[in-house]
Amino acid sequence: MGTKNKLYLVIAALVGLLFAIVASLNNTNTEMADAGKMAARYSDFKTQIEAYQNEHTGWVNALSNHMLLGTKFNKPLDPHKCNFGRWYYSYLESEDFKFQNSERQVLLELLGERHRRLHESGAEVVSELQKGNKKNASKLFQNNILPTLTELNDINIKLINLSKTQSYKYEALVKKSMENQRMMGLAAMVILILIGIILAAVVIVENANAFRGVKSSLQDFSLDIEDKKDSVDDEIDNIAQVFNMDRDVIKRTVNAAFQSTAQPEQKPSLLGKTTTSVMGSPLNVVSEGPHGTEYYPTAREGSPSVQVQDVDSGMQVSQYLKTLANNILMVLKENMGAISGDIRIVDSRRNILTTIASFGHSNDFTRRLQAVPLDKADYLTVEAIRRRVPLTHNEDKMTIERIATLRACGMEDCRYVVVPIDYMDEIVGTLLLIFDGKRDFMRSEIDLLRTINETMGLGQAIKRTISS
């Protein structure tokens, strides 16, 4: 299977994953809406019960003033006609009541029974007062009204607490759904970035194939010239005889002409090596310039011709990987609130860790030291690579030197995590993220970073595929 087809398969897989995330987002939206409705329902129920509890207290106070001070009692004595009674008896017939669990249903039934007893006892007190039996009325108030009100309040408090618990439960579900939405949205952004970069890689591969076709044609042309040169050799003797010239002189002249046509010009590189143009045989010769940068000399100064090694050597791929790393860091910075971080790639052949993207404090460090031997890297990075698991500041080895380094970098009061970039059972790099304030990382945060690092590992694999 060709490189381009492999990239198309990767894009198809990423699109499938993107659709799965969109479907999951839709389900999360539905769950969040349902949880929001339930939270609002329990909150409204709690508010209603609190209001009716105050009304019952006001009802008893009005009856007490009527009995002791002779004020007019104009509250309803029929348990079906007060505000609570009208709500309660209609609520018993509603779907909402049937939806309640057995504990709440029992409490609501007890509440209705105590409410009925309160009104009946109140009617008895009013009747005794109308008869002039104030003493009996007072006794009924003390023995029936007050204990019943206390029982009512106890039931109300239990219902209110249960409603609070349920409301908090569904509010927590809403928050969790919102967090999941944010995480999935972030993952979708990373996937979209990767799809865009892979599409660019497909274009690069197609261009590379086009240049390979040009290279093949030029090589065929060069071979054709060589064949013609061989056929001319047979004529050299005849020419020498006709013009009475030295055969070796004529042959050197002809060979020089063919050499100038068939062989490429050579140009010294920055390190004294040579590199050839598209007609030459040693292709893919790349020199190093200052600070380890790649240098691609042309066939001649000022020539606009494109070198085959410009496509095949990996210059665009290197930029592709850096672009992918920078985009991922910017997404994490904006959406997770990271204040600093970097992505480094492991060169297992040379045992070197090279920073390809960074921001915040890591920028200053990268400017001073872009590449570091693996055995000289910090403890947390080495351990994360060795154990192949994300490690946070809690697992760091706090030596005196380490504490001094953290203090110098302004990380003394920060939390940080190193996540190994793993692809096909190979550690290809690391991701470091630093955040303000020390707290433990949530499981969802670590899982998201694992997913993003798998994406980065895939990007590194694509780089190698295109390079090969």
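No value in this document is a laboratory result; all are computed from the given coordinates. Small disclaimer: the values here were computed from a predicted structure and weren't measured. So basically every Cβ, Gly included, is an ideal-geometry build from the backbone, and we count neighbours across all protein chains shown.
Summarising the amide proton neighbourhood of Asn133: residues at separation of 5 or more, or on other chains, whose placed amide H is nearer than 5 Å comprise an empty set. Taking the Cβ of Asn65 as the centre, find all other residues whose Cβ is under 14 Å away and add up their charges (Lys, Arg: +1; Asp, Glu: -1). Net local charge, Asn65 excluded: +3.
Here Glu171, Glu179 are placed in order of increasing Cβ neighbour count within 10 Å, fewest first, which gives Glu179, Glu171. Among the listed pairs Lys37/Lys176; Lys81/Lys158; Lys176/Lys333, which have their C-alpha atoms separated by more than 19 angstrom in this model? Lys81/Lys158; Lys176/Lys333, as the Cα separations exceed 19 Å there.
Figure the gain on full extension for Lys37 and Ala20 (residue separation times 0.36 nm, minus the Cα-Cα span) and round it to one decimal in nm.
On the way: separation 17, 0.36 × 17 = 6.12 nm, distance 2.59 nm.
Residue separation times 0.36 nm, minus the Cα-Cα distance, leaves 3.5 nm.
Remark: Leu149, Leu432 ranked as Leu149, Leu432, counting other beta-carbon atoms within 10 Å and listing the fewest first.
Please arrange Met336, Met183 by counting, for each residue, the other beta carbons lying within 10 Å of its beta carbon, fewest first.
Working: Met336 16, Met183 20.
Ranking Met336, Met183 by Cβ neighbours within 10 Å, fewest first, gives Met336, Met183.
Estimated from the Cβ-Cβ distance and a Förster radius of 60 angstrom, the FRET efficiency linking Ala172 and Arg350 is about 0.75.
Computed on the Cα trace of segment 379-459, the radius of gyration divided by the Kirkwood hydrodynamic radius gives Rg/Rh = 0.99. Residues in segment 383-400 carry Karplus couplings, in order, of 5, 4, 5, 5, 8, 6, 9, x, 10, 9, 4, 5, 9, 6, 8, 8, 7, 4 Hz; the curve used is 6.51 cos²θ - 1.76 cosθ + 1.60 with θ = phi - 60°, and Gly or Pro positions show x.
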